[in-house]
Amino acid sequence: MDSVRIRLAGPNGESVTATLEDSAAARTFRALLPLTLNLTDYNGTEKIGDLPKRLPIEGEPAGIDPEPGDVAYYAPWGNLAIFYRDFGYSRGLIRLGKLSHIPDAFRKPGSVSVTVEVVPTRD
């Protein structure tokens, strides 16, 4: 499968792209797009937001050690997590993709509203 890129467009016209993994969870996430999500700050480490449905986790690792820029799914809560700081191994966390860079709006405390959409491929 060719890599799929998504765009997260936030406040003040700031946007970032991410490349999705080739996994059932990432493909299901892609099928939910476009989405507008309110991402709240969690633990001074990540922005999290509720997804409209749970993603499949069969065949995924039991957990990951996320790095800044990781786009992940936290299966126990059914939410999207975008890491802007390093964090330790978390059981139930599934990597969906990786941001090209971390937007300034993600590094600030508080919530941020983003629209997530698939970046059209060029033929």
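Values quoted throughout were computed directly from the atomic coordinates according to the rules given, and no laboratory measurement underlies them. Bear in mind that the values here come from a model prediction, so they are computed numbers and not experimental data. As a convention, Cβ positions derive from the backbone with ideal geometry for all residues, glycine included, and neighbour counts pool all protein chains shown.
With the simple spin-label model, which puts each label point 7 Å out from Cα in the Cβ direction, the Ala31 to Asp104 separation comes to 3.9 nm. Considering the stretch 59-106 at the alpha-carbon level, its Rg and Dmax are found to be 10.4, 34 Å. Among residues other than Lys98 with Cβ under 10 Å from its Cβ, the summed charge is -2 (Lys and Arg +1, Asp and Glu -1). Gain on full extension, evaluated as 0.36 nm per residue between Arg91 and Lys53 minus their Cα-Cα distance, stands at 11.7 nm.
For the stretch 21-50 versus the stretch 85-114, the inter-centroid distance based on Cα atoms is 9 Å.
Working from the Cα coordinates of the chain, the gyration tensor eigenvalues give, after taking √(5λ), semi-axes of 19, 19, 13 Å in decreasing order.
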